[in-house]
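All remarks here apply to the structure that follows.
The values are calculated or read from the model by the stated rules, or taken from the named source; none is laboratory data. Source: prediction; values computed, not measured. Every residue, glycine among them, receives a Cβ derived from its backbone with ideal geometry; neighbour counts consider all protein chains shown. What goes into the accessible areas is simple: the full protein's heavy atoms, side chains included, and nothing from ligands, DNA or RNA. Shrake-Rupley method; radii C 1.70, N 1.55, O 1.52, S 1.80 Å.
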Amino acid sequence: QVQLVESGGGLVQPGGSLRLSCAASGIIFSIYAMAWYRQAPGKQRELVAIISSGGSTNYADSVKGRFTISRDNAKNTVYLQMNSLKPEDTAVYYCNGRWQGRTYWGQGTQVTVSS
């Protein structure tokens, strides 16, 4: 059974930082590309960042220079370090794993940026 379990969300003030984690089980983690998506109320889910099995990364323009995606294959975990957070970063953040047409989602973790 495949599971992607996110953690690390919460309430943070503008300008603050959070680190999200996504622990995977039931897959050969190292061969999967891993991504973070987010969905704000009333908006479509959007890609935030993605890291390939080889470690290449790509980011949405709105988070470039502020967010960093990384992975630890020994721990089957992908991270999203979020710095200089803005109110518009408020959303439910979802972990995604994909390989050869297979795709899996976590349950999401809420991030709220507010003073």
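Send over a whole-number figure in Å² for the accessible area per residue of the range 60-115, probe 1.4 Å.
Per-residue accessible area for the range 60-115 comes out at 51 Å².
Mind checking the dipole of the chain: about its Cα centre, +1 per Lys or Arg Cβ, -1 per Asp or Glu Cβ, Debye to the nearest 20?
About 120 debye.
Could you tell me the ratio Rg/Rh of the range 7-93? Both radii from Cα atoms, Rh via Kirkwood.
0.96
I need the phi-derived Karplus couplings for the range 101-106: 6.51 cos²θ - 1.76 cosθ + 1.60, θ = phi - 60°, integer Hz, Gly and Pro marked x.
x, 8, 9, 10, 10, x
Please give the length that would be gained between R102 and S56 if that part of the chain were fully extended, namely 0.36 nm times their separation in residues minus their C-alpha to C-alpha distance (nm, one decimal).
Fully extending the segment from R102 to S56 adds 14.6 nm.
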